[in-house]
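The structure appears right after this line, and notes come after that.
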Amino acid sequence: MDERQNQILFALREITEEVSAQSSLEKAVEVLVSRIRKAIGSDCCSLYICDNLREKYRLVATDGLSKNAVGKVTLNFKEGLVGVVGSSRKLLDLADAPSHPNFKYMPDIGEDAYHSFLGVPVMDQGQLLGVLVIQSKEQRQFGFAEESFMVTLSAQIGSIIARSESEKKESNVTRYRGTSGTGDLAVAQAFVWRPDISFDEVKILHTEEPLLQQELFQQAIFQLQIEMDRAALNMRENDHGTAAFGYISSYGKLLDDENFMTEVDELICSQGLHATSAVKQVIEGRMNAAKLHGDDDLCADLKDFGQVLISRLIHASRGFDLKDKVILVTENLPAVLVAEMPREKIAGFVVSGSSISSHAAILARDLNIPAVMGVDIDLNAVDGHMMIVDGKRSEVLLDPPQSVVDEFLELLNQSQEQSNMFDAERKLDAQTLDGKRISVQLNAGLNSSDDADVSEETDGIGLYRSEIAFMLTKSFPPEDLQYAWYCALLEKFKNDPVCIRTLDIGSDKGLPYLPINEINPALGWRGIRVSLDEPHIMHTQLRALVRAHAKYKNLEIMIPMVSSLDEVEKVKNDLALVCAEVQNELNTPFTPPRFGMMIEVPSVIYMIDEYASLVDFFSIGSNDLMQYLLAVDRSNPKVGRFYDFFHPSVVRCLKYLVDKSRELNKPLSICGELAGMPLGALMLLSLGYDRLSMNYSEIAKVKFIIRRVSAKELLSLCDKAIKLSHADKIHALYENYAKEHGLGEIIALDKAKDNALSAEYSNN
């Protein structure tokens, strides 16, 4: 890469960030044209936007033409060089623009001095939105680097224009998008929580009674310790999950930190500070140290703890007198707040702060509460207002029309009625009408392992996400701690197999103590690649797993994100060495745990025979496999519509894999999102899958569906499905079957919930 390309690449990153940060379309386009002109070294940069009503291009921003022309100058859709670019939807790079037959001379805006012309169409999801142009006095073609630069930035501004237009259409309601979300839907009034005095507002004050302040500090510490112990116990007794428990218990480390206690006491006694002031100074010192090490999560936890302790010093904990369910809106989500609020009164969470959004998301997901994190919302303006929270789309709708509220309340009522119906059969076997037994297993890692009944409702754990526990620690967990985790899980499911996936980080899952920043994380350093590059991490985890297996004998180990035989061979060899180590230490022989791998990377499919000789079983990660098969990032709103489980290629791929696994005599399960979808489960059954693993919230529903269909009838659908060439026809095939077997209301409700917030509200 030459120096010019390097310069342009650097400028591209800067411009993209700066444009995206602007609060309005007007500001964004002004910044865009100015920065492009400087970066490329051209004499002029201009942006024209389509006015479809008048069938014209309108000049909306320029750096180089007359500023008076902005908003006034227009070109017909087929007029001038801009019209050529727009009509063809292709870039146009000319060294001598005036010689082009479509050149339109516009002296009034100062264009007569320019010769070179480069125009690129501005598009979004296939729709033409405008034309971006650079011009130069010098007669020259701009070249590949400039062309690529302009194409990339045109896509950026296209996204901004489209978003702006969408917001205009929905101007009768206020809609917010967060950075992340979890759960389903929630409808309720907003309840804004703030501390009576924030950590940042605490002033440095001195006292003439240091002994009294010291006593107050000790009492607050003691009281908070009691509250945290009670909260942790309450979480356990009420079947809240390990994530919530871990988050609550994290305060304990700080409460038991003798150095922290000593530092606060010394500031009170030696400098005569108020207890609140001393706490603030000590916490700030530790936060500064955390910042130096780049530990943002620790910094956020310290501030959260400081806030809670200061609140206790000022007054006792206040309770919550709530008559109805609310959506809790807060800047962050302190663990103590969750402990204090009655769970049955929380319909959803909206968190405006982003510093601990990962922790908050884990907590909300663990408690099965719809939530949206990182929402740029004014807390002063929403208290008591009606809200709709959509955790799936990470969206919040504020003050929707009553008709919309009624629609969502009805959807939630229907959902609850169906849940009650499913729950009545939760503990029954998943057996089809014609007697075929289907193994329904659990995807775990958050809340499910603490539920007393879960082992009776499932056929074991098909996927335990071990990385979730890693996310709740401040450093890599030692072997004995991991051993305790795995033993607790194996004990809970001692009569069933438990498949634990080795550490799977990277992409959208990170650890605060192992940051991974990549341009394309989905194709980056993730899954088994990380474990193999960090052998001490893998060795520690394998030892903890094998020790737990030696005790309970029901463990299966599965490795994620496999893309080569070398990876499987290396882990298998390491596992054998660890088993020998543990057997020698215990002086007790045991059968090694079953060893398997996930099928997520398409390249594995073409070498499945070779992989089969190395493993005991396969498990399909349908989310990642589909992402790579279709080249679609489903979280990207521009291409999310192309992410379709019923795509013919996906269906045929899944059919090939199940047939091949039978041929190779290797058990095959599927543990992605598809298995927990009503129509997805029907499709999988028809293709021949008999081992499905899913989130706890989907188990009862899928078992209910299985008990009302015929395996033989579904197999006959398979012959039809794999011959179809369009996703909508395959989808309709299974939907019609579901309706014929009395499952239409379940399918309809799922579809209604999925589509509800995508509806156009401007007519309401």
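The values are calculated or read from the model by the stated rules, or taken from the named source; none is laboratory data. Every value quoted in this text rests on a predicted model; they were computed, and no experiment measured them. Using ideal geometry, Cβ is built from the backbone for each residue, glycine included, and neighbour counts are taken over all protein chains shown.
Scan region 401-442 for residues that are part of a loop (DSSP other than H, G, I, E, B) and closer than 26 Å to Ser716 by Cβ and the total you get is 10.
So, Asp624, is that one of a type in the set (Asp, Glu), part of a helix (DSSP H, G or I), closer than 24 Å to Ser394 by Cβ and under 26 Å from the mean Cα position of the chain (by Cα) or not? So Asp624 passes the test. Going through (1) crowded, with 17+ Cβ neighbours inside 10 Å; (2) under 15 Å from Cys671 (Cβ atoms) one by one, Ile608 falls short only on (2). Look at (1) at pLDDT 75 or above; (2) not in a strand (DSSP E or B) and you find that Ala190 fails only one, number (2). The residue list Val615, Val650, Val658 contains one member that is farther than 28 Å from Ser697 by Cα and β-branched (Val, Ile, Thr), which is Val615. Look at (1) hydroxyl-bearing (Ser, Thr, Tyr); (2) modelled with pLDDT under 95; (3) in a helix (DSSP H, G or I); (4) surrounded by 14 or more Cβ atoms within 10 Å (Cβ to Cβ) and you find that Tyr734 fails only one, number (2).
Asn554: under 24 Å from Ser439 (Cα atoms) and over 30 Å from the mean Cα position of the chain (by Cα), yes or no?
Spelling it out, Asn554 is indeed under 24 Å from Ser439 (Cα atoms) and over 30 Å from the mean Cα position of the chain (by Cα).
Among the numbered conditions (1) modelled with pLDDT of 80 or more; (2) closer than 26 Å to Glu518 by Cβ; (3) surrounded by 15 or more Cβ atoms within 10 Å (Cβ to Cβ), the only one that Asp43 does not meet is (2).
Per the listing Val632, Val658, Val651, the residue uniquely in a helix (DSSP H, G or I) and over 12 Å from Ile599 (Cα atoms) is Val651. Does region 106-113 include one or more residues that are under 20 Å from Leu32 (Cα atoms), outside any loop (DSSP other than H, G, I, E, B) and not polar (S, T, N, Q)? Yes, there is a match, as at least one residue in region 106-113 is under 20 Å from Leu32 (Cα atoms), outside any loop (DSSP other than H, G, I, E, B) and not polar (S, T, N, Q).
When Tyr656 is tested against (1) crowded, with 18+ Cβ neighbours inside 10 Å; (2) under 21 Å from Met561 (Cα atoms); (3) among the aromatic types (Phe, Trp, Tyr), exactly one condition is not met: (1). Give the number of residues within region 55-78 that are modelled with pLDDT of 90 or more and charged (D, E, K, R). Summing the residues that are modelled with pLDDT of 90 or more and charged (D, E, K, R) in region 55-78 gives 1. Of the strands (runs of 3 or more DSSP E) lying entirely inside region 31-84, those containing at least 3 residues that are within 26 Å of Gln139 (Cβ to Cβ) span 44-51, 56-63.
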